[in-house]
Each structure stands twice: as structure tokens, then as C-alpha cells.
Amino acid sequence: MWAFCTTPSLQLPFPPKSQSRLFSNTSLPKFSLPFSRHSPSKPTSIKSSSLSASLQPSNNNHLIQSLCKKGNLKQALQILSAESNPTQQTYERLILACTQQQSLSDGLIVHQHLIENGFDQDPFLATKLISMYSQFDSLCHARQVFDKISNKTIFVWNALIRALALAGEGGEALALYQEMYRIGVHFDRFTYPHILKACVVSSSLVSILRDGKEIHGHIFKRGFESQVYVATTLVDVYAKFGCVSYARCVFDGMLERNVVSWSAMIGCYAKNERPFEALELFLEMMVETDNAVPNAVTMVSVLQACGALAALGQGKLIHAYILRRGLNSIVSVSNALLTMYVKSGSLEAGRRVFEQMCKKDIVSWNSMISGYGIHGFGADAIRVFEEMIDAGISPNPITFVSVLGACSHVGLVEEGKRLFEFMVSKYRISPHAEHYACMVDLLGRAGQLEEAAKVIETMRIEPGPTVWGSLLGACRIHSNVELAERASLRLFKLEPTNAGNYVLLADIYTEAKMWEDVNRVKKLLEARGLQKVPGCSRIEVKKKVYSFVSVDELNPQIVQLHALLVRLSKEMKERGYIPDTKVVLYELDREEKEQIVLGHSEKLAVAFGLINSNSGETIRITKNLRLCEDCHSVTKFISEFTHREIIVRDVNRVHHFRGGVCSCADYW
Ligand code: ZN
Ligand code: ZN
């Protein structure tokens, strides 16, 4: 299913890019709008008395409108009850006031009055009523308004599609769209953004892609793809479902782009784990456009990309830009800054951002708690959690995932158990799969594997892959073959294509020297056509990010990097280091295995950092998988031997290597 999104040969429902531009420039079909948005014609069925009256509004009309403006809805309704000639504008004001004051009962009174005065066929008021009912989540009333009106303008159709999409009734919205298509309603540029959003909330990914592509085809045929609002929504929809190349195709075909379109495409890259492209596009935006100035949404995505790459240097430049623009006063931007610093290995800078925030929301607190957690400061994470409660902020489920995760990273078993209890008894939060996974991880890492298995047995929900994955991970740390086999059986059923689970089980068999079983798992992996996810490490040197894969033959400095690693390895062996090669699943001789382990991507990144940065400078690396035992001990040694601080963020946490020890105390 996903291959469809990432396959390089796109099957778009419209001609390819170059043709698309040509088409847009030369023969774009022109559509005149059948109705004017702000001056709808009055329906002929309206009573002649109210029509003539609306041309000469009474003083009461002025009074009602003015009371509505001042927020005095009750008094306005009292006067309305005695008013025999209310105007369209009066009703519009009243509907707006009911919406603002969130009063469904008053809305119903106005609606009834409007019917009695013959305005129930007024399409302009019908759109206002539908929007009002949509705000009140009262779809049945919105439907009634829609069904009653016989001269339906495009605005009335759009209003109901919007209401259905907002209410999460994607299927109904799509059915309405099909009806419009069938009876030949002239769509306008406001129809599509709503219908695309409806696709997002419709039932399944398959239908989203099928319907989304079909609607994309309609948009293209009608020439609406050049409309910035429509095209931007398309980018957003494709982004949401990981169809990055589709989103880019639409973005490239846009004749006009505004800040929202740029932000949508940058966000698409950032959210779909393509941080390099996100930063590249941001630079392009800064250089190429005068009319699209980055806003808070843009900056949140850019910071997310910097954090993913642990690009601290670039992150600091972005921070300076944010301060110049005063965007740091926006909570979401400060939260993103905090997370960027934490993920780039600078917990102190993250803490400073947190302390300087004038306004903190739940996301700020959760980010700070999880920041302390992944850096291995469990007690500080709990302290911030308590500060948060003292500040009167109610924790949400994510808060508990953060604080339980923090306990797990440092083995605070009793505190973790207490917090789990606290979550259920005090805050009435039913544990989600993530909370159970945290508990299994906490107990399992601490060696209490049987108790971890008991947590799974007593779960109130069906245990999913995260929970079993936590147990399997713990079995690897503590070499428990029997439980590992139990967890793997479940995982192979739940996630048959996740190669990581097979590799983990093979690692456990290797450790136990159960070679026949190692081969059996390897064959299973091959038979299912799965491949081990290749290790990839990244390092930022002089504000540029470099990527390394294991045994990176294409790297121009590979000979130099190898020579340095071989020299360091000799030094280490003289001091008693024995390479840990158990992660190599192939039957090779010792030297070949050592060669492979020495070529691991994080070691190459460390060597690159040593050669290319100034002496004494901190080396910061990110790794897409868990750091292996050998890389961990080699990095400890290098930190002592070269007097360098080395910070590595692996898939689970941040390791600070300094003076031959790691902040995780070898508990990871
Ligand atoms: Zn390694
Ligand atoms: Zn460590």
C-alpha cells in the first residue's frame, strides 16, 4: 500500500508536471462563478411584504443588529419577537451572535422566526444557518436546512460539505460530492478544500487515496489546481498520508505560492522523515520569495527538521531568526525550539527556552519532562512533573508516557509503578498501549522480566506490537530466550514485515550460541523478502550535516576514516578492549566480523567528527537504530583518549560520552 506512495513511477490522475504547467499557461479552462458570494439574489418565493420591508429597514432592525454587535443577544431576541419585518441582515447578525455565544437554543428560535417570515428559501441565510449548526455539532439541523431549500446555490452545497468534513463524516461528504457531480452542480474553488479534508476523515487509507486521486483529477480538469488555496490543501492531504512525491508534484505545478503553500510542503518533508529536503526547501523559500515571509507554522516544521538531524548549528541560526521576528512569543514555536535543542543533545539550551517562556502549555511541560527522560535524568523529569502539578496543570496521557519513559531510562522501578497507579486512580486516565509498553520496558530493563510479562497478561486492552516489542527488547538485554520466543511469535503475527523483530530474536539466539536457531530466523527473514534496516548516522560539522551508512565505501574520506579507526582500535586492544561482534549475524571468521563492526556508521561519524572539527569541540551524532554494545564501548574510549565530549542520540535516548564514561551508565 505504501509502495504506492513512494514508488518513483507516479501514476498521477493528470498529465506530468511539464505538461501540467503548459496546460495551465495556455489552455486553462476558464470558469465564471455562477453566483456572487456576498450578494446572493433573494429567492422569488419570499413573501412580498418582507421583501419590500427589507428594502426599508425599520428602526427595530437597526436596534436588533446593534444589540447583537454589543453581545446583548437576549434583548435582541425580545425585540425580534415583536418585529414583523425583519431583514436578511438582521437574521445574519442574529445567527452570528448565536454562534458566538454558543447558544443552540437561541439559534433554534432565530431559525423558527426566519421560517415564519418566509426566509427559509434564502440561500445566503441557509449557508449561515448550516455553518452555525456545524459549530454546535448539530448535523441533523444543518441537514434539515439543506434539504428544505429548493434553489440551492454552490455556497449552500459547500456549507454542508464543510459541516460534514468538520464533523468527521467523510463518507457522507464524499457521497454529497458525488451527488453534486451527478446532477452537474458547478463546483467552485471553495468546494475542493472541504472535500479534500473530507477525504482525510473518510474511513480508510485505501479509500482516501482512491477518492483523493479521483478528486485531484476533477480539480485538474476544471483548472482549479492553479488556485493557491485548492493546491495547498492537496499538498496537505498528500502530506498527511506520506505521499511526499505527490505533494511535491502539486507544489511544483503551482503558478502562485503563498506562505501557507511553502509551509505545507516544508511541513510535509519534516513530518515524513525527510528533514534534509525540509531545510533545503526552507532555504529556497528564503532566497526565492519576497511575498512569502515564514510564519510560526513554517518555523515549527523547520525546527522539527533541525531536531531530526541534530543540526544544532543550524537550529541556533533559526533561533536567532525567530528572536529577530519576535516569533518566540508564540507557544508552539517555543515548544518546537525546546524540542529541537533537546533532540540535538543540548538539554541546557532546551531548559533555558522552557524557563524563558511567558506562557507554557501542556505540550511545553510534556516536552521538558521527556527531554530530561531521554537525556537520562529521571529524577529531574519527576521533579518537573511535580512542578507541573503544583502549577495547577492537569497531566494528560502523553505526560504519563513521558514521565514513565523517564523512569524506564534510569531504572526507577518503584517510582514508575507509583506514577502508573497515580495516573489511573487520581487522574482517571485509562492506560493506553504506550503506557503499558512503558511499564513493560521499565520492569523488563530492570531485569524483572516475569513481572513485565504479567503486566501484559493483565492488560485491559489487546496487547499490540509496542508492548511485545518492549518485552523482546528487554529479553535481548537480559538474554532470556524463552520469553523472547513468546514475544516474537506474537510480533511475527502482528508485524510480519518488521525486519527489526527477526534481527532482535537472531541476536538473542547468537548471544545464547544457538546457531541452528539463528539460521532458522535468518532463513525466515530471507523467505519473507525482508532486509535488516541499514544503520545510518549523521553528524553536523560547521553547520553542515553529513550522513554515513555502515561500511560506507562511497565516502570520499573513507580511507582516512578507516586508518584513524584502526589506529584507535589498536590502542584500545592494548588496554584490554575485545571487539563485541555479536551483532554480526553471518558466519565469518573473527577478523572479518571485527572489520564489519569497525565500519559501523556511528564509528565512521565519530572519526569524521574527530578529523573535521576543531579540537575540544563537542561531537554530536544521531543514529537511526539502537547503539550497539561495541560502538558504545568504543565511543567511551574515544571520549577519554581524545578528550572530547561525544553526544549520540540513538533511537531510544541520548548518550553523553565524557572521560571514558557514558551518562546512561551502560543502561540503555
Ligand atoms: Zn555499532
Ligand atoms: Zn550510553
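The values are calculated or read from the model by the stated rules, or taken from the named source; none is laboratory data. Quantities reported herein were computed from a predicted structural model and do not represent experimental measurements. Don't worry about glycine lacking a Cβ; one is built from the backbone with ideal geometry, like all the others, and counts go over all protein chains shown. Keep in mind that these areas ignore ligands, DNA and RNA; they rest on the heavy atoms of the full protein, side chains included. Shrake-Rupley method; radii C 1.70, N 1.55, O 1.52, S 1.80 Å.
Things to note:
- Residue match in the stretch 620-628 (condition: closer than 18 Å to His375 by Cα, among the basic types (Lys, Arg) and part of a helix (DSSP H, G or I)): no
- 1 or more residues farther than 30 Å from Glu645 by Cβ and among the basic types (Lys, Arg): qualifying helices (runs of 4 or more DSSP H) within the stretch 452-566: 481-494, 515-527
- Leu255 more than 16 Å from Pro193 (Cβ to Cβ), open to solvent by 60 Å² or more (accessible area, probe 1.4 Å), in contact (Cβ under 8 Å) with a residue 40 or more places away in the chain and not assigned by TED's automatic domain parsing to the domain that holds Tyr181: yes
- For beta carbons closer than 7 Å, sequence separation of 6+ or different chains, a first residue in the stretch 370-381 that is more than 16 Å from His656 (Cα to Cα) and a second that is aromatic (Phe, Trp, Tyr), the qualifying pairs are Asp380/Tyr372; Ala381/Tyr372.
- Yes/no for Glu571 being charged (D, E, K, R), in a helix (DSSP H, G or I), surrounded by fewer than 16 Cβ atoms within 10 Å (Cβ to Cβ) and touching a Phe, Trp or Tyr at 6+ places or on another chain (Cβ under 7 Å): yes
- Every listed requirement among (1) free of Cβ contacts under 8 Å to residues at least 24 places away in the same chain; (2) open to solvent by 10 Å² or more (accessible area, probe 1.4 Å) is met by Glu214 save one, (1).
- Set side by side, the residues Ser105, Ser84, Ser52 differ, and just one is surrounded by fewer than 22 Cβ atoms within 10 Å (Cβ to Cβ) and either at pLDDT 90 or above or charged (D, E, K, R) (or both), which is Ser105.
To keep it simple, each residue is scored yes or no on (1) open to solvent by less than 20 Å² (accessible area, probe 1.4 Å); (2) more than 16 Å from ligand 2 (Cβ to nearest atom).
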position	(1), (2)
Pro579	no, yes
Leu588	no, yes
Lys593	no, yes
Val597	yes, yes
His600	no, no
Ser615	no, yes
Arg620	no, no
Lys623	no, no
Glu640	no, no
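- Scanning the stretch 358-371 for residues being modelled with pLDDT of 95 or more and surrounded by fewer than 19 Cβ atoms within 10 Å (Cβ to Cβ) gives a total of 3.
- Leading residue by the ranking (farthest from Ala453 (Cα to Cα)) among those in the stretch 485-498 that are surrounded by 15 or more Cβ atoms within 10 Å (Cβ to Cβ) and of a type outside the set (Lys, Arg): Asn498
- For the condition open to solvent by less than 60 Å² (accessible area, probe 1.4 Å) and either on the phi > 0 side of the Ramachandran plot or touching an Asp or Glu at 6+ places or on another chain (Cβ under 6 Å) (or both), Cys98 qualifies.
- Members of the stretch 372-417 found to be open to solvent by 20 Å² or more (accessible area, probe 1.4 Å), small (Gly, Ala, Ser) and part of a loop (DSSP other than H, G, I, E, B), listed by number: Ala391, Gly392, Ser394, Gly411
- Leading residue by the ranking (nearest to ligand 1 (Cβ to nearest atom)) among those in the stretch 637-655 that are closer than 23 Å to Ser402 by Cβ and part of a strand (DSSP E or B): Val648
- Residue within the stretch 125-134 that is open to solvent by less than 10 Å² (accessible area, probe 1.4 Å), assigned by TED's automatic domain parsing to the domain that holds Glu92 and modelled with pLDDT under 95 present: no
- Of the set (1) away from ligand 1 (no atom under 16 Å from the Cβ); (2) free of Cβ contacts under 8 Å to residues at least 40 places away in the same chain; (3) exposed (fewer than 15 other Cβ atoms within 10 Å of the Cβ), all apply to Arg658 but (3).
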